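A short reminder: the numbers here are calculations on the coordinates, not readings from a lab. Everything numeric in this text was worked out from a predicted model, so none of it was measured. FYI the Cβ positions are ideal-geometry reconstructions off the backbone, even for glycines, and counts take in every protein chain you see.
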Amino acid sequence: MRKNKAVFFILILIIIVFLTNTAHGTPEIPERIRVGLNYNSPSDDIIIDTNSKVSVIFFDSEQKSTSFIIPNSVKLSFRTDDYYNIKNGETKKIQYIKAVKYEGKLIGPYHIQIGESYLDYDSAQKSLNNIKSSFPDSYLAYDGQWRVWSGLFLDEKECIEHINNYKKKFNNFTFSLVGPDSKRVQIVNTFDDSIFMIYKSQETEIKVLDDTDVESLLEFNNTKYRGNLLIRIQEDNRLSVINDVRLSHYLYSVVGSEVSPSWHMEALKAQAVASRNYTIVSLGKHKKEGYHLCSSTHCQAYKGYTKEHERTNKAVDETGNQLLYYKDKLANTFYHSSSGGHTENSENIWSEAIPYIRGVEDPFSNGSPHDTWLLELNRSEIKKTLEENNIDIGQIVDIRIIETSQFGRAVKVEFVGTKNKVVLEKERVRYLFGTSNLKSIWYEIKTNSDLCIYNLDNNSIVTKRPNQLSIVSASGHEKIDLTREQISVKGLFQIKPYNVLPDKYFFHGRGWGHGLGMSQYGAKGMAERGHSYKEILEYYYKGTKVK
């Protein structure tokens, strides 16, 4: 009886521990993740370089699969089964119009099926080998079943003409017409531009047989990647490329892409933990597109094997599965390049007030290449940019900051025009003019029309623009006419002309990035002053703990 009670007590303890871990949100760390490599730029034609023996796997809508082996290194082009114009060695997708005369060679999405379907790849390949001499332009096709097809014809009429000719020559074969299908993909051998295969499958995986062998990495857009590459047809029938890769290998590249491998090891470890956190928190970010994260800074910079380095790999390995928590919940570890001297509260950049994303003094960032910067924009550039984003306020009269955060960042900026005015908030201004140009929202705005005015009331000098001033005359105060090009201002020693409306606006700024969470240059500075990676993370993310 006592023995049964003891067993029961142990079971209760196990259940309590399990429920406690579940309640505290202990995350499941995935072994592998999917990374979209051409986010925002899906293509009609992509090239994959297989540097060794690979397996090609087709998946249907029910995730059933069929596969075959490509035994040798080959460079393959994947393109939608459509109309193309081949001219001067370049293949370009076209909207085919029969009445138009094209230079070069035309190919299209009509094909001829030779014979019936086959049970598997080997049977189809054997049949193809037997008939290749009679049909030199024949190739394998897969649409749920294996087949042998021939030709890249422009329309049904051309296809039927070839079928009739084939029937006269080869009465021991059956022939049938295959019409267009926007979900089909051609695989082309780039060595001789021959069709290797045409298939219909929502997702195709090119799988290396050993993803630890760096000599057998797959290559896309001149970048080598560990793991496997997947070709996925999106809703608009364009192709996206996805890297299915081990989480640790993904982090090798991310840490090497985000910070310099030459930095102090504690800074590299801080980046490794922050990137691991951000990855796991963001796994659903691109669910609709069929992958977890993208390779751009929209998620995290990921540049494949080419960005790996011995020291950054070591930082990932030595932090193991360590993560950053806030009250036993996984922290969303936003980070940026350089704060400019002070990080920011989350609600002043986006909308949500996150308790651990609070502004902190950051002298450790000082000394970065982005401590201060200057962006110069002329009036016509600003007008054009606003109009390209459906903001028409007429000619630019003024741009002024009307609200700042407690730490000095521009929270609201007013653009005044001859037709209208508009207030843009927080990061919106950066995204309009480019985040690499307007590096942060911590800036002041000056112009080439600014005047220094001496205020007799408080013995101070203030900066004003002519369009903000009045002229004192015998008839009283008059606002300066905005249609005037210039006014002349008399100082102590000279009369100087000023443009009524500024021609140029100067954004004098500090730091690079949104300013939330960890500053990468700040982490570097803290590490160089003797702080550990845990101390770095717990400083920038208030109230958190590394576990």
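For Trp146, the amide hydrogen comes within under 5 Å of the amide hydrogens of Tyr118, counting only partners 5 or more places away or on other chains and with H modelled in the peptide plane. Between helix 247-258 and the chain there is an angle of about 40 degrees, using the helix long axis and the longest principal axis of the Cα atoms. If one takes the longest principal axis of the Cα atoms in the chain, at what angle in degrees, from 0 to 90 and to the nearest 10, does the Cα axis of helix 379-388 lie? In the chain, helix 379-388 runs at an angle near 40 degrees to the longest axis. Backbone N atoms of the stretch 73-113 closer than 17 Å to the 7 Å Cα→Cβ label point of Ser176 belong to residues 110-113.
Rounded to the nearest 20 debye, the dipole size of the stretch 39-239 about its Cα centre is 600 debye, using +1 on the Cβ of Lys and Arg and -1 on the Cβ of Asp and Glu.
Listed by chain and number, the lysines placed with their C-alpha closer than 24 angstrom to that of Lys329 are Lys269, Lys285, Lys287, Lys534, Lys542, Lys545, Lys547; residues fewer than eight positions away on the same chain are left out. Computed on the stretch 211-334, the Cα convex hull volume stands at 109 Å³ per residue. Scalar couplings 3J(HN,Hα) for the stretch 403-416, obtained by applying the Karplus form with A = 6.51, B = -1.76, C = 1.60 to θ = phi - 60°, are 7, 10, 6, 5, 9, x, 7, 6, 8, 9, 10, 9, 9, 9 Hz; x denotes Gly and Pro.
Compared with the dominant principal axis of the Cα atoms in the chain, helix 265-281 is inclined by about 70°. Farthest towards the positive end of the charge dipole of the chain, among the residues Leu374, Met197, Gln322, is the Cα of Gln322, using unit charges on the Cβ of Lys, Arg, Asp and Glu. The distance between label points at Asp60 and Asn420 comes to 5.3 nm (points 7 Å beyond Cα on the Cα→Cβ vector). Under the Kirkwood approximation for Rh and a Cα-based Rg, what ratio Rg/Rh is obtained for the stretch 261-316? Across the stretch 261-316, the Cα-based Rg/Rh ratio is 1.02.
What the Cβ-Cβ distance of Arg529 and Lys101 gives, at R0 = 51 Å and to the nearest 0.05, is a FRET efficiency of 0.10. Computed from point charges on the beta carbon alone (+1 for Lys and Arg, -1 for Asp and Glu), the dipole magnitude for the chain about its Cα centre is near 760 Debye. For the stretch 98-153, what ratio Rg/Rh do Cα atoms give with a Kirkwood hydrodynamic radius? Rg/Rh for the stretch 98-153 comes to 1.10. Comparing Cα centroids, the stretch 234-284 and the stretch 120-177 end up 45 angstrom apart. Where only DSSP H runs of four or more residues are counted, the chain gives -6500 deg cm²/dmol as its mean residue ellipticity at 222 nm, each run worth -39500 (n - 2.57).
Once each of the GluC sites (Glu not before Pro) sitting in a DSSP loop with at most 15 other beta-carbon atoms within 10 Å is removed, the chain keeps 353-484 as its longest stretch. Considering only alpha-carbon pairs that sit under 8 angstrom and 6 or more positions apart, the relative contact order computed for the stretch 39-239 is 28 percent. Within the set [x] 41.6; [y] 33.6; [z] 28.5, the number that mean projected area of the Cα convex hull in nm² takes when calculated for this structure is listed as [x]. Partners of Lys419 within straight-line reach, counting lysines whose Cα lies under 28 Å from its Cα and excluding those fewer than 8 residues away in the same chain: Lys383, Lys384, Lys446, Lys464, Lys479, Lys504. Of the trypsin sites (Lys or Arg not before Pro) in the stretch 101-177, which ones lie in a loop per DSSP and count no more than 11 other C-beta atoms within 10 Å? Passing sites in the stretch 101-177 are Lys101.
Share of pairwise Cα-Cα distances greater than 21 Å in the stretch 39-239 is 55 percent (whole percent). Relative to the Cα centre, the charge distribution of the stretch 212-295, modelled as +1 at Lys and Arg Cβ and -1 at Asp and Glu Cβ, gives a dipole magnitude of about 240 debye.
If R0 is 56 Å, the Cβ-Cβ spacing of Ser296 and Ser117 corresponds to a FRET efficiency of close to 0.85. Spin-label pair Met265-Asn165: with each label point 7 Å from Cα along the Cα-Cβ axis, the two points sit 7.1 nm from one another.
Amide H contacts for Arg32 (H built 1.01 Å from N in the peptide plane; partners 5 or more residues away or on another chain; cut-off under 5 Å): Leu247.
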